[in-house]
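A.B. asks: One structure, pasted below without further comment.
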Amino acid sequence: MEQTLGIPCRLDNDANAGALGEYHFGAGRGAKSMVYVTISTGMGSGIVYEGKLVRGKDCLAGEIGHVPVSDSGARCGCGGRGCLECFASGAAIEARAREWAERRPEHVARMVELSGGQEITAKGLMQAAAEGDAAALNILRETTRWLARGLLMIIRILNPHVIVLGGGVAQSGALLLDTLHGFLDELASPTITYSTEIVVAALGNYSPLYGAAAMGLEIPESSRQ
Ligand SMILES: [Zn+2]
C-alpha cells in the first residue's frame with residue numbers, strides 16, 4: 001500500500017483504532033489504562049496502557065469476542081465454537097430475535113415494525129426494549145448477561161481504569177448500562193472488588209475514524225512529506 005500511495009501507511013483493526021480514538025479524543029481521555037470493547041455485528045476490544053496499544057506477540061491481544069465461553073457448540077465466524085461473540089454481539093441479538101420470530105411470532109411485532117418491517121435488527125430490538133417491549137427486553141437481558149461475563153474477564157485479568165463500550169449496540173446507552181450493571185452486581189465477588197468505570201463511547205460510530213487519525217499522528221513528522 002505504501003508503494004502504491006507513495007506515503008507512509010498504518011493498518012489496524014476497528015477495535016484497536018476505536019480504542020485509540022476514545023483514548024485520545026473520547027471517553028478514555030486521561031485514563032492510565034483503558035479497554036475499548038466494540039459490540040456491533042461482531043465483538044472485539046482494544047487495550048491501551050499508558051497511551052500505547054497492547055498488541056501482544058501475534059498482534060491478537062484483545063480478541064475478547066473469541067474467548068470460548070460455552071460448550072453449546074455454537075459455530076463462530078472465526079471458525080471456533082462457543083465464542084463470546086456467538087452470545088453477546090449484535091449478530092447474536094439478531095439470531096435470538098429470529099428464533100423468537102419463528103417460535104413466538106405474536107411477541108415480535110413491535111421489533112419488526114421498528115426494524116423497518118423486515119428482519120429484526122439489533123437497532124430495532126434495542127429501540128423496542130427502550131419502549132419496554134417484553135420480548136425485546138428478554139433478548140437484551142440474555143445477551144447482556146453474556147456481555148457482563150466478558151467484561152468481568154477483562155476486569156479480573158487487566159483491572160483497567162476504564163472500559164469504554166463502543167459499536168452500534170452500545171449506542172442504546174443507559175438501557176444497556178443499567179442492564180449490564182445489574183448483571184455485574186449479580187456476578188460480583190464480595191472479596192474481589194473493583195472500581196473500573198464502565199462508560200459508553202463518546203464518539204459513537206466514529207471512534208475508529210478518530211483512532212485512525214491518531215495513528216496517522218504517530219507517524220514520524222520526517223516521513224510525512
Ligand atoms: Zn470466534
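Values in this text are rule-based calculations from the coordinates and carry no lab data. From a predicted model like this one, the values you see are computed outputs, not experimental measurements. Cβ coordinates were reconstructed from backbone atoms using ideal geometry, including for glycine residues, and neighbour counts include every protein chain displayed.
A.B. asks: Return the residues of segment 167-194 that are closer than 22 Å to residue 131 by Cα and not aliphatic (A, V, I, L, M); say none if nothing qualifies. Even if it seems obvious, please write down each step before you answer.
C.D. replies: Start the filter on segment 167-194 by keeping residues that are closer than 22 Å to residue 131 by Cα, which leaves 167-183.
Result: 167, 168, 171, 172, 173, 178, 179, 181, 182, 183.
A.B. asks: Within segment 169-217, which residues are in contact (Cβ under 8 Å) with a residue 40 or more places away in the chain, in a loop (DSSP other than H, G, I, E, B) and surrounded by fewer than 18 Cβ atoms within 10 Å (Cβ to Cβ)?
C.D. replies: 202, the sole residue that qualifies.
A.B. asks: Separate question: Does at least one position in segment 12-22 carry a residue that is part of a strand (DSSP E or B), surrounded by 14 or more Cβ atoms within 10 Å (Cβ to Cβ) and within 16 Å of the ligand (Cβ to nearest atom)? Give the derivation first.
C.D. replies: Applying the first criterion (part of a strand (DSSP E or B)) to segment 12-22 yields none.
The answer is no; no qualifying residue exists.
A.B. asks: Here's a check for you: in segment 126-167, which residue that is out of contact with any strand residue (DSSP E or B) (no Cβ under 9 Å at 6 or more places or on another chain) and not in a helix (DSSP H, G or I) is nearest to residue 106 (Cα to Cα)?
C.D. replies: The qualifying residue nearest to residue 106 (Cα to Cα) is 133.
A.B. asks: Of all residues in segment 66-90, which are within 11 Å of the ligand (Cβ to nearest atom), among the small types (Gly, Ala, Ser) and free of Cβ contacts under 8 Å to residues at least 60 places away in the same chain?
C.D. replies: Passing the criteria: 74, 77, 79, 80, 82.
A.B. asks: Filter segment 1-60 for residues that are under 29 Å from residue 94 (Cα atoms), in contact with a helix residue (DSSP H, G or I) (Cβ under 8 Å, 6 or more places away or on another chain) and of a type in the set (S, T, N, Q) and give the result.
C.D. replies: 16, 38, 40, 41, 45
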